[in-house]
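Derivation of every value follows stated rules applied to the coordinates shown; laboratory data play no part. Model, not experiment: these values are computed from the prediction. Quick reminder, even Gly has a Cβ in these numbers, built from the backbone with ideal geometry, and neighbours come from all protein chains shown.
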């Protein structure tokens, strides 16, 4: 039963950036995991970016195109910049369909962030 | 049984910054809530700060003094700077007892961040 000591990590789907981590109360983060998770938190550390993210997450069907969410009081290039940052951090995925690019929340990554902050663990 | 429909919000203690918010899937964040939550995520957007936070959260008894957690490879003033940032963002509370300042995770604030990222909502 040597496998019983292997820590199970969340299973990744569709090529998301690798989420980690056990709840923050369960033990110290390794330097490598801290780098990875800090980058995810950084992606949500801008108010406009957080509003764009919440617009996508709460949009009917769980996805939105730029045309649905651009009314956050900043220019279109700025919106595109923020969406790119969220995608690079692994929090959003995107898909071009016809004229528009549609953005979806990457559930496994966001769930990993929520799990890390779960103090009940 | 009218109470059964009341949504319970986290109870604040000892003057913590007010947590918000419903799950990010439930609706758009207001600009004011986005400002508040972005500041909390920003506090966790540095790898060293995240490691210090995880050391405190996982320390026996749920609290730690600087003497317990300073081995993160940066200078003592840098550790103090990061702990101050975490406290200012409302994620840590602190208490001086004798020679040492003890830091605790502010559970209601961290729970609010986890709740925001709960995609099941």
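Laid out as a table, the results:
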{"quantity": "Per-peptide average of other Cβ atoms within 10 Å, ordering A:65-74, B:84-93, A:87-96 highest first", "calculated": "B:84-93, A:87-96, A:65-74"}
{"quantity": "Extension gain, residue A:120 back to residue A:75 (0.36 nm per residue minus Cα-Cα distance, nm)", "calculated": "12.1 nm"}
{"quantity": "Test item: B:29-40 mean partner chain Cβ contacts at 10 Å", "calculated": "5"}
{"quantity": "Value of relative contact order over region B:47-118, rounded to a whole percent, pairs C-alpha under 8 Å and six or more apart", "calculated": "32 percent"}
{"quantity": "Those residues of region B:52-68 whose amide nitrogen sits under 16 Å from the label point placed on residue B:94, 7 Å along Cα→Cβ", "calculated": "B:52-57, B:63-68"}
{"quantity": "C-alpha center-to-center spacing [region A:45-121, region B:39-102] in angstrom", "calculated": "30 Å"}
